[in-house]
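Encoded as structure tokens, the structure appears first; notes follow it.
The values are calculated or read from the model by the stated rules, or taken from the named source; none is laboratory data. Just so it is clear, the structure is predicted and the values come from calculations on it, not from any experiment. When we count neighbours, we look across all protein chains shown, and the Cβ atoms used for this are built from the backbone with ideal geometry, even at glycine.
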Amino acid sequence: MRIYISIDMEGLTGISSVNQTDPSHRRYEEGIFFMKSELRFILEYLRTKNVKKVLVNDAHWNMDNLNLKDLNFEFLELISGSPKILSMMHGINEGFDYAMFIGYHSMANTINGFLEHTYSSYTISEIKINGKKSSEAYINGLIASYYNVPVGLISGDDKLIEDCKDIFPNSEFVITKYSISRNSVKLRNIESVYNEYKSAIDRMLSKNIRPIELPKEFTIEITFRRTDMADIVEILPIIERIDGNKVLFKETDFLRAFRYIRVVINLARNV
Ligand SMILES: [Zn+2]
């Protein structure tokens, strides 16, 4: 059994402020405490199962939050740092039985979604794939499907899980907390959430989850926060300008589409 874990921070148990997720803020140490503790609990439980390999990909901010000295597991490999071509999903191409998305959050523009965003709070107002509003979980789930890996378990706040239930009908979910508004949240008790991972992992391992369907072609619509971001992105020849804030491109290969999304975000970020 080989398991891939993409771990973000905003949706982790105990995280209640953007300051805890910001490496330059004095409260970041609190965030790291919650990140290590939730991941360690999951790894300890996976150790009791027949798991041969777990690849953890640090998927938050500069993606260098975790330190191997805190995670002494013989089956563990850790991907740290950025940039990396597959970003939050780097390493998924190595062949896995399940992917797990831990500490994820709702997509940009979610009403009252705690720390809602899609890949970039600063630049992205909305990403649509074939007309469907897309979260990081959906986009990353499509990358997993590209490599024929099912998403076995997703954890995060209730708004994220609500959105994921239709997209990942056979996956397991753990609700870590309840969103009240973008910067307000009702936290659940740590022990209760952690224990739910045990039953969710058990159910995941006992059923046959299939990768979500990967469309044959992709129309990607990106709405930026500002028109000058669309102005710079429009220079790329694949891009069609739709309106002040919105651009569009088409692709048949999702990996290529994903790479364009990331390039486009980085162009916009530097305006
Ligand atoms: Zn994050």
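Some values worked out for this structure:
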{"quantity": "Considering residues of segment 59-78 that are more than 15 Å from the ligand (Cβ to nearest atom) and within 19 Å of the chain's Cα centre (by Cα) only, the residue surrounded by the fewest Cβ atoms within 10 Å (Cβ to Cβ)", "calculated": "Glu77"}
{"quantity": "Qualifying position, being among the basic types (Lys, Arg) and touching a Phe, Trp or Tyr at 6+ places or on another chain (Cβ under 8 Å), among Lys207, Lys246", "calculated": "Lys246"}
{"quantity": "Ile129, sole failed condition from (1) surrounded by fewer than 24 Cβ atoms within 10 Å (Cβ to Cβ); (2) more than 15 Å from Ala257 (Cβ to Cβ); (3) in contact with a Phe, Trp or Tyr (Cβ under 8 Å, 6 or more places away or on another chain); (4) not acidic (Asp, Glu)", "calculated": "(2)"}
{"quantity": "Qualifying residues in segment 99-126 (those that are over 15 Å from the mean Cα position of the chain (by Cα) and away from the ligand (no atom under 16 Å from the Cβ)) - the one surrounded by the fewest Cβ atoms within 10 Å (Cβ to Cβ)", "calculated": "Ile111"}
{"quantity": "Residue within segment 26-46 that is within 16 Å of the ligand (Cβ to nearest atom), part of a loop (DSSP other than H, G, I, E, B) and of a type in the set (A, V, I, L, M, F, W, C) present", "calculated": "no"}
{"quantity": "Any hit, segment 207-214, residues being outside any helix (DSSP H, G or I) and at pLDDT below 95", "calculated": "yes"}
{"quantity": "Search result, residues across segment 225-261 that are surrounded by fewer than 17 Cβ atoms within 10 Å (Cβ to Cβ) and assigned to a helix (DSSP H, G or I)", "calculated": "Thr227, Asp228, Asp231, Ile232, Leu255, Arg256, Arg259"}
{"quantity": "Given (1) without any contact (Cβ under 8 Å) to a residue 12 or more places away in the chain; (2) within 15 Å of the chain's Cα centre (by Cα), number of the condition Lys132 does not satisfy", "calculated": "(2)"}
